[in-house]
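The values are calculated or read from the model by the stated rules, or taken from the named source; none is laboratory data. It should be emphasised that the depicted structure is a prediction, and the values quoted were computed from it without experimental measurement. All Cβ positions, glycine included, derive from the backbone under ideal geometry; neighbour counts span all protein chains shown.
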Amino acid sequence: MKGSSFSARFWAILIFALFAATEIERGACSVRHSGVPGSSELIQFIVLSCLTSHWVKVDGRERETLRVWDMGYFLLVAWPVIVPYYLVKTRGFKRALAIFSLLALVMFGGFAGGTIIGRLAQ
């Protein structure tokens, strides 16, 4: 870690934890046949946007990559395109695919865990 800031790995773990928590909530809500509350979705979107933009900034600084595009509002709107591109560009296709596979596993496990929790709570 450089100085007092956390490394990019820490921020990536927080992003994965947010995805897991989001899917746990979605799984629990699906058992009750209800949707995720709008306020919860809004908070998740804001937190995910902040974490993602901060992670890209910290990771780019650690990897000493140049930022060619605007990382403000453009990243907020187009993160589903920018983050995969950034991962492939900085880590290569195979490693980026491994990261996305791990994310899919975390999301599936979170949803499955949420459905189990929802069923036990009934």
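Total residues in region 69-122 satisfying the condition of being closer than 25 Å to Ala28 by Cβ and not in a helix (DSSP H, G or I): the figure is 1. Considered as a group, the residues in region 66-99 that are farther than 16 Å from Arg9 by Cβ and surrounded by 14 or more Cβ atoms within 10 Å (Cβ to Cβ) include one that is modelled with the lowest pLDDT, and that residue is Met71.
Of the set (1) surrounded by fewer than 16 Cβ atoms within 10 Å (Cβ to Cβ); (2) more than 30 Å from Ala28 (Cα to Cα), all apply to Gly60 but (1). In the condition set (1) without any contact (Cβ under 8 Å) to a residue 12 or more places away in the chain; (2) more than 19 Å from Ile82 (Cβ to Cβ); (3) in a helix (DSSP H, G or I), Ile46 is compliant with all but (2). Looking at the structure I just gave you, is Glu62 in contact (Cβ under 8 Å) with a residue 60 or more places away in the chain and either out of contact with any Lys or Arg (no Cβ under 6 Å at 6 or more places or on another chain) or farther than 21 Å from Ile13 by Cβ (or both)? So Glu62 fits the description; yes. Among the residues in region 70-86, are any within 24 Å of Ala21 (Cβ to Cβ), in contact with a helix residue (DSSP H, G or I) (Cβ under 8 Å, 6 or more places away or on another chain) and among the hydroxyl-bearing types (Ser, Thr, Tyr)? Yes, the conditions are met somewhere in region 70-86. Taking region 29-43 as the range and being assigned to a loop (DSSP other than H, G, I, E, B) and free of Cβ contacts under 8 Å to residues at least 24 places away in the same chain as the test, the residues that pass are His33, Ser34, Gly35, Val36, Pro37. Just checking, does region 102-118 include any residue being over 16 Å from Glu23 (Cα atoms) and exposed (fewer than 13 other Cβ atoms within 10 Å of the Cβ)? Within region 102-118, none of the residues are over 16 Å from Glu23 (Cα atoms) and exposed (fewer than 13 other Cβ atoms within 10 Å of the Cβ).
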